[in-house]
Amino acid sequence: MKKLVLSIILTVVLMTGCGTTGGKTAGGKLADSEVLKDVPKEDLVFSGQFSTVSEYPMSYENIEALYLVSLAEPEPLEVQEGSGAGGSLINDYLGIKTDWPAEYLHPDMPVYTWGKITGWNTWGPENPYNLFIIIKNTSEADLEEYRRELEARGFSGSSDYYKKDDFSIEFQFNSKSTLQISSYRIETMDWPDELAFMPPPEKGKLVDFTLTDGEDSVYGELFFTDMTEDDVLAYEELLLEAGFTRTDYLSYSIDNVSFDGKKYGEFSGFFEGYSEDEWLFYYDLEY
């Protein structure tokens, strides 16, 4: 990120002109025309399309975008207090928040009290509950203490992934002392109309359904939460009653199905554990 900002600054400097009077300046320095005499004409024409940065300064929208992207970098950009337009109020202008976003987290999720929150933001406008928090000046030992607090409050998981109810938490160090905490709230989906020939499970929650149309087949996956292996085995009975054949452990198929308005010769799929109570069902349809 710092390389990107440096490139932008360098470009702005190169684009900021001082006139092309020719010869030397009063101070004995070479004028622009002398400095640029070996630059190809087409490059000079290109650079002439730009005005100085003072005439068209970088917008706050661009500053905000650069800063928010940098929050996920090993060394996020830092806003200097009292510098530039906006001064010490620039954080307020950009909407950068350094408080603990409790209203968007699981109510039992404890505050991370080690280090300093640099900022937090959502991954996108669609779901404010899917967000990341950047914390500086912390360590793996600090995170281990935080894991114990999570477990004491009923969160399950290990290492870099924990969950409780419809919330999941992921941890990653962007640098030795910069921790990124990501929190997601899972929303349950209705059973897809495309899978009308396949009964929904009695236990577990469907939280994601993907469909990819390839050249020779259609394939995708179903993602379930709050589903144990025993729940999957119980679901097997429903599949067998609906006409599916067991082809291997937690693998099934059925012939001649209608999917998304088209006829297919075979539908097959299998379950794979994602975590202790989360399962993926990968499926494939062949003509």
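The values are calculated or read from the model by the stated rules, or taken from the named source; none is laboratory data. The structure displayed is predicted, hence computed values, not measured ones. As a convention, Cβ positions derive from the backbone with ideal geometry for all residues, glycine included, and neighbour counts pool all protein chains shown. Surface accessibility is based on the protein's heavy atoms, side chains included, excluding ligands, DNA and RNA. Shrake-Rupley method; radii C 1.70, N 1.55, O 1.52, S 1.80 Å.
Before moving on, here are some points about what is shown:
- Condition check for Tyr249: surrounded by 15 or more Cβ atoms within 10 Å (Cβ to Cβ) and among the hydroxyl-bearing types (Ser, Thr, Tyr): no
- Residues of the stretch 165-181 that are without any contact (Cβ under 8 Å) to a residue 40 or more places away in the chain and either in a helix (DSSP H, G or I) or of a type in the set (A, V, I, L, M, F, W, C) (or both): Phe171, Phe173.
- Of all residues in the stretch 191-220, those satisfying the criterion of being touching a residue at least 40 places away in the same chain (Cβ under 8 Å), open to solvent by 30 Å² or more (accessible area, probe 1.4 Å) and assigned to a strand (DSSP E or B) are Leu211, Tyr219.
- Top-ranked residue in the stretch 227-238 [being hydrophobic (A, V, I, L, M, F, W, C) and out of contact with any strand residue (DSSP E or B) (no Cβ under 6 Å at 6 or more places or on another chain); ranked as farthest from Phe167 (Cα to Cα)]: Leu238
- Looking across the stretch 144-160 at every residue that is buried (at least 16 other Cβ atoms within 10 Å of the Cβ) and in contact (Cβ under 8 Å) with a residue 40 or more places away in the chain, the one that is nearest to Trp114 (Cα to Cα) is identified as Leu150.
- Within the stretch 102-135, the set of residues being in contact with a Gly (Cβ under 8 Å, 6 or more places away or on another chain) and modelled with pLDDT of 95 or more comprises Asp108 only.
- Filtering the stretch 270-284 to residues that are in a strand (DSSP E or B), in contact (Cβ under 8 Å) with a residue 24 or more places away in the chain and not aliphatic (A, V, I, L, M) leaves Phe271, Gly273, Tyr274, Ser275, Glu278, Trp279, Phe281, Tyr282, Tyr283, Asp284.
- Any chance Ser251 is of a type in the set (Gly, Ala, Ser) and over 22 Å from Asp166 (Cα atoms): yes
- Among the residues of this structure, Val232 does not count as one that is at pLDDT below 90, in contact with a Leu (Cβ under 8 Å, 6 or more places away or on another chain) and open to solvent by less than 60 Å² (accessible area, probe 1.4 Å).
- Hits in the stretch 166-190 (condition: surrounded by 12 or more Cβ atoms within 10 Å (Cβ to Cβ) and closer than 24 Å to Phe244 by Cα): Met189
- Close pairs (6 angstrom Cβ cut-off, 6 or more residues apart or separate chains): within 19 Å of Leu280 (Cα to Cα) in the stretch 235-247, open to solvent by less than 40 Å² (accessible area, probe 1.4 Å) and not in a strand (DSSP E or B) anywhere: Tyr235/Pro201; Leu238/Pro199
- Out of Tyr184, Tyr129, Tyr162, Tyr146, sole residue that is assigned to a loop (DSSP other than H, G, I, E, B) and either among the hydroxyl-bearing types (Ser, Thr, Tyr) or within 22 Å of the chain's Cα centre (by Cα) (or both): Tyr129
- Check on Phe267, farther than 19 Å from Ser156 by Cα and hydrophobic (A, V, I, L, M, F, W, C): yes
- For the stretch 206-226, residues that are modelled with pLDDT under 90 and under 18 Å from Lys164 (Cβ atoms) total 3.
- When residues in the stretch 252-287 are screened for being modelled with pLDDT of 95 or more, touching a helix residue (DSSP H, G or I) at 6+ places or on another chain (Cβ under 9 Å) and open to solvent by 40 Å² or more (accessible area, probe 1.4 Å), 0 of them pass.
Conditions tested, residue by residue: (1) of a type outside the set (S, T, N, Q); (2) at pLDDT 90 or above.
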site	(1), (2)
Asn137	no, yes
Leu143	yes, yes
Glu151	yes, yes
Lys163	yes, no
Ser182	no, yes
